[in-house]
1. Want the number for Q352 to R114: 0.36 nm per residue separation, take away the alpha-carbon distance, what's left?
2. Applying the Karplus parametrisation 6.51 cos²θ - 1.76 cosθ + 1.60 with θ = phi - 60° to the phi angles of segment 302-318, what ³J(HN,Hα) value in whole Hz is obtained for each residue in order, glycine and proline being reported as x?
3. Mind checking the per residue accessible area of the chain for me, 1.4 Å probe, whole number of Å²?
4. Quote the relative contact order of segment 224-348 in percent (integer), defining contacts as alpha-carbon pairs under 8 Å separated by 6+ residues.
5. Tabulate in residue order the Karplus-calculated ³J(HN,Hα) for segment 148-164, using 6.51 cos²θ - 1.76 cosθ + 1.60 with θ = phi - 60°, rounded to whole Hz; enter x for Gly and Pro.
6. Going by accessible area, probe 1.4 Å, with all protein chains left in place, what is the ranking of R114, R265, largest first?
7. Please give the length that would be gained between I361 and V95 if that part of the chain were fully extended, namely 0.36 nm times their separation in residues minus their C-alpha to C-alpha distance (nm, one decimal).
8. Could you tell me the ratio Rg/Rh of segment 98-230? Both radii from Cα atoms, Rh via Kirkwood.
Amino acid sequence: NRDVLTESENENFLYNYNLKQNVGFSISKSFSDTRFGNLSLSARKNNYWDDSQDYYQYNLSYGNRWKRISYNIGFNRTDYTNGERERGDSAYFSVSVPLDWRNQKMYANASVQRNEQDQFTSNASVTGTAGANNQINFGLGVSDTENNTMFNGNVNYLLPMVNVGSTVSVDSHNTQYSFSAQGAVVGHRHGLTPVNSLPETYTIIHAENGAGANVSNAWGVKVDRFGNAIYPFNSAYTKNTISLDPKDLPANVTLESNQTDVIPRKYSSQLAEFKANKTSNLLLRIHAAQQQDIPMGSQFKDSDNQVIGILGAGNQVIVNQELPLMKVSTVIWGSNSNESCQIAPISKQQLQKKTTGNFNIIDVECK
């Protein structure tokens, strides 16, 4: 294993370790004519509990594309409130080219960066995604500086409850590798819910009886058997639409509404509740004792002469309540006495029998 951070991880660690306060802004402009690309400017100021001087970072970048090739040009500056540390300037250029291979989403990437000491760092890599839901991310690359050449690779697999990954890097001096597993458990009023990643702002979803529903725009996130899920992709101070896809719900469960909006504060969690109505999953297959020809559309009535179902194809009827079936029920398809038949009461044990499918299918005889 290894304890060495990548360059971006190390930079992020240094900027955020013992951070006391952070103030920043960013401006981005995408032109209506896409030929002009987009321009962005950002600045931030950090101060720390254990350091008397403040840290400043500025970034100016421009991005555009030519045919299918995307490119980006940028300038970075780091500065401090006193002269104990040197100002750092760097400029960079990057390009990304999509690759078509076996219908996989892959890209060839290259970049070069120059700092104030006229030192160049160049990188080349191939990155991509795989899986029906792009749950696998991978990359192979090489980076070169004046003193060293490094080869590296990584793979990441996003599972619904955990994010697992591995990296390896090799240069002339060392071989380093890592394995990781990332996840979290959220405690809330409706229970404990595991999630593969937990950002600073998220939404807790509760849909009682909604187990199995997919959370839209959040691969792998499903409502668990307790009716809970975590939506991890909120944007603070803007309207976020949270929706559930009911296609994987059992046939006897319906959502009153599958969409709601939240406007979260940063560093907060919100509760979005959905009401799922669960009905009986009983399907009766009716067999006529006297070989009557029971037509489709016949009325299925309870002992109080109330219609509780309509026969469909194959003499089948879906019933939403168990209680009427514990008494004598009747199938009627005409006004004559020979145009009806009766079904004997069905036991509670048979009505509540556990099944592996969507319906509890019961064969009954109509006499």
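The values are calculated or read from the model by the stated rules, or taken from the named source; none is laboratory data. Model, not experiment: these values are computed from the prediction. Glycine gets a Cβ as well: all are built from the backbone with ideal geometry, and neighbour counts include every protein chain shown. These accessible areas exclude ligands, DNA and RNA; they are computed on the full protein's heavy atoms, side chains included. Shrake-Rupley method; radii C 1.70, N 1.55, O 1.52, S 1.80 Å.
1. Result: 78.5 nm gained on full extension.
2. 8, 5, 9, 6, 9, 6, 10, x, 10, 5, x, 5, x, 6, 10, 9, 9
3. 63
4. Value for segment 224-348: 17 percent.
5. 7, 10, 10, 9, 8, x, 8, 9, 9, 10, 8, 9, x, 10, 7, 10, 10
6. Accessible-area ranking of R114, R265, largest first: R265, R114.
7. Additional length available on full extension: 89.8 nm.
8. Rounded to two decimals, Rg over Rh is 1.12.
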